[in-house]
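Only one structure is covered here, and it is reproduced in the block below.
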């Protein structure tokens, strides 16, 4: 038998490479042990629920629907933080699940100021963009004439958006205040 390098993927299963193709280790073991080729709708279930325990005695074959039905019987109902509706939660998501849908999650997050971690990510992305374009002669960071907000102007937007305003709203406000003074776009 060939020696394969096993790695654990993001789902917690062992993965190997055969001819440049990634294969789940438990599927490979089952196919070789019983000399069969598994179809895509067939799942290999770990009886003891330990994803890295790939002994033949611990593996059993199931169809997709059987496997889903089996895991659906385990779990719990939780209350959504946003809409207070009850929703089904699998055992693996019980500790981290708070919302019944992405819609409820986005409703909950709207209006909240970003966390320090999120702010750091935003600054990092802005600096990354700045480093990318810093060698150009154009200064891409501007201060808006109306709201005095510092904004980043991407080089390909030079002709589309005025270089003096952060948004079209500020530009229109300036035109309203000073009808005879117009900046060129």
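The values are calculated or read from the model by the stated rules, or taken from the named source; none is laboratory data. Worth saying up front: this structure is predicted, and the values here are computed from it rather than measured. Positions of Cβ are backbone-derived with ideal geometry, glycine not excepted, and every protein chain shown enters the neighbour counts.
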Pairing a residue in region 151-179 that is closer than 24 Å to residue 125 by Cα with any residue that is modelled with pLDDT of 75 or more and exposed (fewer than 15 other Cβ atoms within 10 Å of the Cβ), where Cβ atoms lie under 6 Å and the two sit 6 or more apart in sequence or on different chains, gives 166/149
For region 1-94, which fully contained strands (runs of 3 or more DSSP E) count at least 1 residues that are touching a residue at least 40 places away in the same chain (Cβ under 8 Å)? 14-18
Options 116, 96, 110: the member that is within 22 Å of residue 8 (Cα to Cα), loosely packed, with under 11 Cβ neighbours inside 10 Å and either at pLDDT below 70 or not assigned by TED's automatic domain parsing to the domain that holds residue 12 (or both): 96
Mind checking whether some residue in region 44-52 is closer than 30 Å to residue 106 by Cβ and loosely packed, with under 12 Cβ neighbours inside 10 Å? no
